[in-house]
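Heads up, the thing below is written out as structure tokens.
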Amino acid sequence: MPEMGVHLTAAGARPAFPAPQADALELCVFEGETETRHRLGRHVGDVFAADVPLVSGARYGLRAHGPGLDPARLLLDPWARRIDRAFAWHPSLLCGTDGAAAMPRAVLEAAAPVMAPPPHHGARVIYELHVRGFTMLHPGIPQALRGTFAGLAHPAAIAHLHPLGVSHVELLPCAAWIDEAHLPPLGLTNYWGYNP
């Protein structure tokens with residue numbers, strides 16, 4: 001079974017996505033606003049896959065075809081490591097219209113190396129936190145890193161957690177999300193990210 005998402009290979013990239021309701025699945029690659037579609041074939045069961053000539057940095061999305069599916073809707077790779085911009089509400093994101101111009105695209109990047117977990121002895125203490133909220137006002141974290149994962153990894157953040165006996169950090173939602181339609185006109189955003 002291939003690894004899910006899009007992964008760089010020696011020959012380009014290998015996308016693989018489970019799509020049990022789809023009759024067909026296309027990987028859509030964007031150069032500017034020019035879209036090139038690559039049809040994925042069924043690999044095993046409900047998984048669609050293919051070898052596609054892509055390079056690191058390629059911007060892409062998916063289109064699914066089949067009963068109850070809307071191929072006009074550009075879909076985001078749920079395994080993407082990065083997207084090219086934040087989600088922003090636009091009416092073209094609704095079904096029945098091609099919302100590709102308003103939809104963020106995944107950006108192809110190599111997978112991060114798998115790291116062995118550090119050795120741990122004793123009780124486990126889990127600290128749940130919001131990355132932006134935890135790092136934004138911390139005086140020991142450089143201004144440029146506040147509100148980011150790099151800020152959470154900064155020695156000042158670790159120095160705050162270590163004396164508390166924290167052994168594990170559980171992050172509140174940190175996937176991409178879109179603000180509910182009524183918030184931007186009010187000058188508000190969805191701070192917590194519970195709207196992926």
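The values are calculated or read from the model by the stated rules, or taken from the named source; none is laboratory data. Predicted model only: the values in this text are computed from it and were never measured. As a convention, Cβ positions derive from the backbone with ideal geometry for all residues, glycine included, and neighbour counts pool all protein chains shown. Surface areas here come from the heavy atoms of the whole protein model, side chains and all, with no ligands, DNA or RNA. Shrake-Rupley method; radii C 1.70, N 1.55, O 1.52, S 1.80 Å.
Here are some notes:
- Among all positions in the stretch 154-167, there is no residue which is surrounded by 12 or more Cβ atoms within 10 Å (Cβ to Cβ) and under 17 Å from the mean Cα position of the chain (by Cα).
- Scanning the stretch 135-166 for residues that are closer than 24 Å to PHE87 by Cβ and in a helix (DSSP H, G or I) turns up THR135, MET136, ALA144, LEU145, PHE149, ALA150, GLY151, LEU152.
- Condition check for ARG146: charged (D, E, K, R), closer than 25 Å to ASN195 by Cα, surrounded by 16 or more Cβ atoms within 10 Å (Cβ to Cβ) and out of contact with any helix residue (DSSP H, G or I) (no Cβ under 6 Å at 6 or more places or on another chain): no
- Cβ pairs under 7 Å, 6+ apart, first in the stretch 167-196 and at negative phi, second among the charged types (D, E, K, R): SER167/ARG124; HIS168/ARG124; GLU170/GLU128; LEU172/GLU128; THR189/ASP179; ASN190/ASP179; ASN190/GLU180; ASN195/GLU180
- Among the criteria (1) modelled with pLDDT of 95 or more; (2) assigned to a strand (DSSP E or B), the one VAL169 does not fulfil is (1).
- Considering residues of the stretch 6-15 that are of a type in the set (Gly, Ala, Ser) and not in a loop (DSSP other than H, G, I, E, B) only, the residue surrounded by the fewest Cβ atoms within 10 Å (Cβ to Cβ): GLY12
- Residue in the stretch 119-133 that is most open to solvent (accessible area, probe 1.4 Å), counting only those that are modelled with pLDDT of 90 or more, over 9 Å from VAL169 (Cβ atoms) and not hydrophobic (A, V, I, L, M, F, W, C): ARG132
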